[in-house]
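A short reminder: the numbers here are calculations on the coordinates, not readings from a lab. Since the structure is predicted, the reported quantities are computational estimates derived from the model, not experimental observations. Virtual Cβ from ideal backbone geometry, glycine too; neighbours counted across all protein chains shown.
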Amino acid sequence: MRNAQLSTIFDQMADVMEILGEDRFRINSYRKVARTVAELPTDVGVLLENGRLAETPGIGKSSLAKIEEFVESGTMAAHTELLKRVPASLPELLRIPGMGPKGVKVIYENLGVQSIADLKRALADGSVAKLPGFGQKKAATIQRGIEFLEASTGRIRLDQALEAAALVVARLREVPGVEKVEIAGSVRRRAETIGDVDILVTTGKHTEESNQQHKRIIQAFTVAPFVDRVLAAGETKGSAIVRTDAVAVQVDVRVVPAESFGAALQYFTGSKQHNVRLREMALKAKMKLNEYGLFKGDALVAGATEESIYKKLGLDYVPALLREDRGEVEAAGKHALPQLVRLEDIKGDFHVHTLASDGRASLEEMVNAAQALGYKFLCITDHSESSVVANGQTPKRLAQQIEQIHALNARTKGFTVLAGAEVDILADGSLDFEDELLADLDLVIASIHSGLTSPRGKVTYRTLKAMDSPYVTILGHPTGRMLGQREAMDLDIPAMIEHAAQTGTALELNGNPYRLDLKDVHCRMAIEKGIKLTLGTDAHSTAGLGLMHFGVATAARGWATKQNVANALPLTKLKSWLKTKRPK
Ligand code: DGT
Ligand code: CA
Ligand code: CA
Ligand code: ZN
């Protein structure tokens, strides 16, 4: 679909014309074309051919000719000409709330401000406030606008980044001559939030045609239909804003030679801090490490693979998930890196909802889906009564569900359904169900769903009190955060972990990419105290079960082995483990 590209082009023309103070009528008509084209259900090329585009309201004769030109040639002269009339970064100033085209024109002409960075400097040295028609108040408004813009175009969730990355990877794999396409950066490390997506591409042997080929690869990326805006398109690097249904995110694509692919992958995977440590090690060994390879003098010692680089530095291979300079370099030197838990180790899911509360699939559907994933068990953990918005179950409904689960188990071979509940921790730290009912369950997840903004003392008290119950097997999503939406509770994490260890309570690693709660570093603290983690997807549909890999990656980032994760226990061991905290 070229529609999205065309829409951007018409919007950009309107932006530039606004800054230049051109005819209002034409500006408005370009905006209208941008909107109309974006909403067309069919590719403009098709509509041009069958004559429908000419009949579309909002698209006049001259716009039609421009669209035709773009469809035929891939460019639009009017657009190219307009962009030449202002600095390339100037239109970005229009995205600042409180900054109109007139204002942009004034600060550009009087102060030479061309970008947000320039504008920040001009605000800081007071020159914006001194402009005619501006003043302190307007300068302060612009300042707040920039802060708002920077906060709102911040980091995105890992699942959103992976979706954008997958689009680009698929596109690049189709380009002739491309051999390897790898995701690097924070996405490869499975960080909990992502600034931008980094992708590396390599081709076969270097030939006379290589330069042309590299350019074609970058171009295949920058003209892709999901590209919203191209930031840079050079010989070996392309940078663009990629739009998915959910987000817009910057993606950097780099083409690197095969002989330094490993070095480039290592460098661009980061983290920066991890790389700094490796470079220090190289220097100590009288070598030099950069994105082209590991060198002794001018001689390339290693570069084609990451493994060879770590090896030549005297280190065990460090999995990307651990590259955060949290002791992994030292451990790699002492052959002491953990055997990280893997998705294949996971035998079941500890946290799922069904139609009985706010899930969208039945008990049977969830069980079938879990079996299809090759699991051996599934814990059904619907909400308790006081979670009214989540259709929490009354004690009576829960009792019926337990019966249902027992019946289902009796007719299911080689698979165990465990009866559980996600029970609310109430305001005073007590639980939403009586002990008598809880005793009928195989496991209980206790979670806080209300009062998350209470002071530290209060949320910590409730959390610790809930863990005192012998029926609470697991503390659910311990901090209650929702990435990009809601802060974590002000929980005393060390106290919580200490209490989990003392009471023998497991801690949930909620693998939903909105939560990833406990987070990696806190998982590691828990593991060091001998606490078991339980991974749960908090699935509300059969598809939700597929989010387990996010939990596994986060656990691994917390240095978890399969011994630290209850999901990896064989069923008989799991059943006896579930009873360890219960009254004998
Ligand atoms: P992000 O994008 O903020 O989620 O995090 P990263 O880690 O993907 O960071 P990014 O995209 O700025 O850079 C990708 C990798 O490239 C980074 O993890 C390490 C490497 N890198 C970038 N800039 C530098 C640098 O100045 N020094 C070193 N040693 N490495 C760098
Ligand atoms: Ca990045
Ligand atoms: Ca980057
Ligand atoms: Zn919950």
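Annotations
- Extension gain from residue 174 to residue 435, taking 0.36 nm per residue of separation minus the Cα-Cα distance: 88.1 nm
- Using only alpha-carbon positions in the range 2-151, the gyration tensor eigenvalues give semi-axes of 35, 14, 13 Å once each is multiplied by 5 and square-rooted (largest first).
- For the range 343-578, the share of DSSP beta bridges that are antiparallel, to the nearest 5, is 10%.
- In nm, spacing of pseudo-spin labels at residue 427 and residue 368 (7 Å Cα→C-beta vector): 4.4 nm
- Pairs of alpha carbons in the range 343-578 whose separation is greater than 31 Å (percent): 13 percent
- At most 15 other Cβ within 10 Å, DSSP loop - trypsin sites (Lys or Arg not before Pro), the range 30-133: 85
- Counting beta carbons within 10 Å around each of 559, 577 and listing the fewest first gives the order 577, 559.
- Relative contact order of the chain, pairs being alpha-carbon contacts under 8 Å that are 6 or more residues apart, as %: 9 percent
- Alpha-carbon spread of the range 312-437, three principal axes, descending order, Å: 64, 42, 26
- Which of 196, 538, 228 has the fewest Cβ neighbours within 10 Å, and the rest in rising order: 228, 196, 538
- The range 262-333, relative contact order in percent, only Cα pairs under 8 angstrom and at least six apart counted: 33 percent
- With the convex hull of its Cα atoms as the shape, the range 118-215 has an orientation-averaged projected area of 10.1 nm².
- You can think of it this way: the chain between residue 52 and residue 235 has 62.0 nm of extra reach, that is 0.36 nm per residue less the Cα-Cα gap.
- A crude spin-label estimate for the pair residue 317 and residue 248, with each label 7 Å from Cα along the Cβ direction, gives 4.0 nm.
- Extents of the range 262-333, taken as max minus min of Cα coordinates on every principal axis and listed largest first, are 31, 22, 18 Å.
- Efficiency of FRET between residue 81 and residue 259 - r from beta-carbon atoms, R0 45 angstrom, step 0.05: 0.55
- Sorted from greatest to least, the principal axis extents spanned by the alpha carbons of the range 220-316 come out as 47, 25, 18 Å.
- Residue among 377, 444, 75 farthest towards the positive dipole end of the chain, charges placed on Cβ: 75
- Separation of the residue 140 and residue 277 label points, Cα + 7 Å toward Cβ, nm: 4.6 nm
- GluC sites (Glu not before Pro) restricted to the range 456-527 and DSSP loop, no more than 13 other C-beta within 10 Å: 487
- Rounded to the nearest 20 debye, the dipole size of the chain about its Cα centre is 1100 debye, using +1 on the Cβ of Lys and Arg and -1 on the Cβ of Asp and Glu.
- Taking other C-beta atoms within 10 Å as the exposure proxy, 342, 323 rank 342, 323 from fewest upward.
- Evaluated at q = 0.05, 0.10, 0.12 Å⁻¹, the base-10 log of the normalised Debye intensity for the chain, with identical point scatterers placed on the Cα atoms, takes the values -0.30, -1.04, -1.21.
- The mean sequence separation of alpha-carbon pairs under 8 Å and at least six residues apart, normalised by the residue count of the range 343-578, gives a relative contact order of 20 percent.
- Of all DSSP-defined beta bridges confined to the chain, some 50% are antiparallel rather than parallel.
- Computed about the Cα centre, the dipole magnitude for the range 156-255 is approximately 100 debye when only Lys and Arg (+1) and Asp and Glu (-1) carry charge, each at its Cβ.
- Residues residue 22 and residue 64, FRET efficiency given R0 of 25 Å [Cβ-Cβ distance, rounded to 0.05]: 0.75
- Residue-averaged 222 nm ellipticity for the chain, from DSSP H runs of 4+ at -39500 (n - 2.57), nearest 500: -13000 deg cm²/dmol
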